[in-house]
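Have a look at the structure below, then the notes.
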Amino acid sequence: VLLLTCGVAMATKENDQIIKENNCETKMGLPCVLEAFTTIFKTGSISNKCCGELVRLGKVCHSALVKRTLENPLFKYLSPATIIAKSIQTWNNFLALIDSPSLSA
C-alpha cells in the first residue's frame, strides 16, 4: 500500500511540475476548461472557440491536466483507461476541426 501511495504521489508531482512549467492553468479561460472537462469526464461537446483554446493549450498541458484530474479522489470511480482514451479522441477531434477548411475560411 505504501508503495502504491508513493507512486501516485510521484505521478501527481510530475503532472503538477509539467502544468507549472508550461503555465497550463493560465492558457485557457474557465468557460472552456469547464466545457473540455465535461466533454472528457462526462458527456457533452465543445464549441469551436474552446476547441481553438484547447489546441493552443497544447497536448502536453492537455494530458497533464487530464491525468492530474484522474488522480483526484473525487474521480476514483472513473476508469483511467477510458478517460485517457476519451481525452486522446477529444484531442484528435479538435485537431481535425482546426484543420477543417470550413473554419479557416
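The numbers here are math on the coordinates, done by the rules we state, and not lab data. Values in this document were obtained by computation on a predicted structure and should not be read as measured data. Reconstructed Cβ throughout: ideal geometry from the backbone, glycine too, with neighbour counts over all protein chains shown.
Observations, loosely collected:
- The listed peptides 83-90, 17-24, 35-42, ordered by packing as a protection proxy, come out as 35-42, 83-90, 17-24 (highest mean of other Cβ atoms within 10 Å first).
- A straight Cα-to-Cα reach below 13 Å connects residue 49 with the aspartates and glutamates 35, residues fewer than 8 places away in its own chain not being considered.
- Within segment 5-103, the proportion of C-alpha pairs whose separation exceeds 20 Å stands at 37%.
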